[in-house]
1. With θ taken as phi - 60° and the coefficients 6.51, -1.76 and 1.60, list the Karplus ³J(HN,Hα) couplings across segment 48-59 in order, rounded to whole Hz; mark glycine and proline as x.
2. In percent, how large is the relative contact order of segment 176-263, given Cα pairs closer than 8 Å and 6 or more residues apart?
3. Taking only the alpha carbons of segment 83-160, what extent do you get along each of the three principal axes, in Å, biggest first?
4. Suppose a student asked you for the relative contact order of segment 124-239, using Cα pairs under 8 Å spaced at least 6 residues apart; what percent would you report?
5. Pull up the cross-link candidates among the lysines for Lys167, meaning alpha carbon to alpha carbon under 20 Å and not fewer than 8 places away within one chain.
6. Go through Ala28, Thr212, Pro41 and say which Cα lies farthest out towards the positive end of the charge dipole of the chain; charges sit on Cβ, +1 for Lys and Arg, -1 for Asp and Glu.
7. What translational diffusion coefficient, in µm²/s and rounded to a whole number, does the Stokes-Einstein relation yield for the chain at 37 °C and a viscosity of 0.692 mPa s, taking the hydrodynamic radius as the Kirkwood radius over Cα pairs?
8. With a/c under 1.5 counting as rounded, go ahead and sort segment 32-76 into rounded, prolate or oblate using the C-alpha gyration tensor (a ≥ b ≥ c being the square roots of the eigenvalues; past the cut-off, prolate if a/b is larger than b/c, else oblate).
Amino acid sequence: MATVIAITNQKGGVGKTTTVVNLAASFAALGLRVLVVDLDPQANATMGSGVDKSRLPGGGLYSLLLGEASLEAIRCRSESGGYDVLPANRELGGAEVELVSAPRREQRLKDALAAVRDEYDLMILDCPPALNLLTLNGLAAASRIIIPMQCEYYALEGLSDLVNTLKKVRASLNPGIDILGLLRTMYDPRSTLAQQVAAQLSEHFRDKVFDTAIPRNIRLAEAPSYGMPALVYDRSSRGAKAYVALAAEIAGRLHLTLPKQTA
Ligand code: ADP
Ligand code: MG
């Protein structure tokens, strides 16, 4: 049965999508069966996986959440990444409004994924930069969350909102959900501010902070415009290697058995 991990932070531009695409590719390279779910109407994970958001079969995740298409009808393959994708497009933004009066509005994704949980080892959910109904669908479906964050001045403030949301989700929607880890992204160990924020993070969250930090690396920013993960675009880049290391660290935390030992 797949472990479902939501990559979430209501701040934009912290590296959520980059983490989704590159972790998915790293796990796929390790031989795991991976499904990426794009819950963001910006559809960056879709495009970054090499799937064209302007030509989605079955209407993409929007249609799935509204019950207009089956999961099989919307599922795509990331040929570059070696994983499957439930893709998004701008229409998904409308689901936010249209689902408000729908039954089980927060559990739509969870219900849809139940049918294929045995087909995958991991499902990785890309959440939008908001604590909205789409994010709630992600948090209801996931058993773990990863919080990517930049170690800058206001980073910790945003975290307390997220932790409060998580408490509410635990109380009402999903009692089993837990933080798998906090991920330092675009990390520059030479920056004094980054060091200070990282130290505060460790103080608050202890060993929840991943040992692996993702460095700022131009290859990670370039790869999406080619519709491929950095692991494929430039596997020797520092960014790609950091995500491979992160995948190994996560596999350890989750006690996953890896079919292949090297990516
Ligand atoms: P989010 O999904 O949280 O909004 P993204 O993953 O889209 O964040 O990242 C925001 C921007 O920063 C993108 O242009 C992305 O390519 C770039 N980026 C993300 N991580 C890194 C990194 N480690 N090094 C350099 N650029 C990065
Ligand atoms: Mg994103």
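Each reported figure results from applying straightforward, stated rules to the coordinates on display, with no laboratory input. In this text the structure is predicted, and so the values were computed from the model without any measurement. No Cβ is skipped: glycine too gets one built from the backbone with ideal geometry, and neighbour counts run over all protein chains shown.
1. Using θ = phi - 60°, the values come out as x, 8, x, 9, 7, 5, 7, 9, 7, x, x, x Hz.
2. 25 percent
3. On the principal axes, segment 83-160 reaches 42, 32, 22 Å in Cα extent.
4. For segment 124-239, the relative contact order is 23 percent.
5. Lys11, Lys110, Lys208
6. So the residue furthest toward the plus end is Thr212.
7. Details: Rh = 18.2 Å.
Reported coefficient: 180 µm²/s.
8. Oblate shape, in that a/c is at least 1.5 and b/c is the bigger or equal ratio.
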